[in-house]
Amino acid sequence: MNYLTNTLAFILLFFFSYSSPAQTNYNYLLAKNYSLVIHGGSNLHDWIETAGKAYGTGVVSWNDNGSFDLNNLKLTVQVNSITSTEGSIMNNKTYKALDASKHPEIVFALTAASKSIPADGKEHALTASGTLTIAGVTQPVTLHANVRAILHGTISFDGSQRINMSDYHIDPPTALLGALKVASDVTLQFKTTFIANNN
């Protein structure tokens with residue numbers, strides 16, 4: 001009986017000693033050197049808007065093979081920080097179209113983890129599923145980006161995303177007494193870097 005008990009105890013000790021440890025999650029924050037630029041068109045000419053204030057968070061777990069899992073990612077843009085090359089009149093048109101007084105933020109949130117992303121300092125293609133909320137309307141989106149990561153270090157994303165304003169019940173702004181009519185499709189170009197924050 002003692003022999004069986006000792007044998008069982010040994011097997012259990014061996015199993016728990018060599019079982020894989022649980023992954024540890026690491027928190028990340030958006031670094032200040034981001035670039036968020038909106039490119040649009042109109043019946044007269046193209047235009048550009050830039051987001052001046054944004055913040056983001058991420059949650060990452062590192063794998064033994066040098067890759068990482070992106071478990072959570074959220075990027076928030078302050079609508080009233082968006083400025084246009086067309087000046088203050090177009091700025092105010094943008095804020096009105098986005099209903100900034102009621103919905104002051106544009107938010108992207110990851111909805112499904114992206115697994116086994118290489119962290120070798122090289123650029124890799126990433127396809128991520130998430131939601132995008134604009135003017136209080138949330139729609140599912142598939143984000144295509146290039147990701148570059150250093151093992152246990154910075155993680156950078158860059159790419160572009162086409163957005164149709166009508167999907168978010170937004171009436172494209174007009175100006176010059178209606179002579180300038182903004183196209184419904186815009187493209188967001190983004191360059192972001194996230195840094196570890198585990199204090």
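Some notes on this structure:
- Point-to-point label distance, GLN189-ASP46, nm (Cα→Cβ direction, 7 Å offset): 0.8
- With 0.36 nm allotted per residue and the present C-alpha distance subtracted, the SER160-ILE89 stretch has 22.9 nm of extension available.
- The range 24-196, relative contact order [Cα under 8 Å, separation at least 6], %: 26
- Approximate spin-label separation SER35-LYS122, in nm, with each point projected 7 Å along Cα-to-Cβ: 2.4
- Least to most buried among TRP62, TRP47 (fewest other Cβ within 10 Å first): TRP62, TRP47
- Linear extension gain, ASP171 paired with TYR26, 0.36 nm per residue minus alpha-carbon span: 48.2 nm
- Gain in span if fully extended, LYS96 to SER81, counting 0.36 nm per residue against the direct Cα distance: 4.1 nm
Each reported figure results from applying straightforward, stated rules to the coordinates on display, with no laboratory input. No experiment lies behind these values; they were computed from the predicted model shown. All Cβ positions, even for glycine, are placed from backbone atoms using ideal geometry, and neighbour counts span all protein chains on display.
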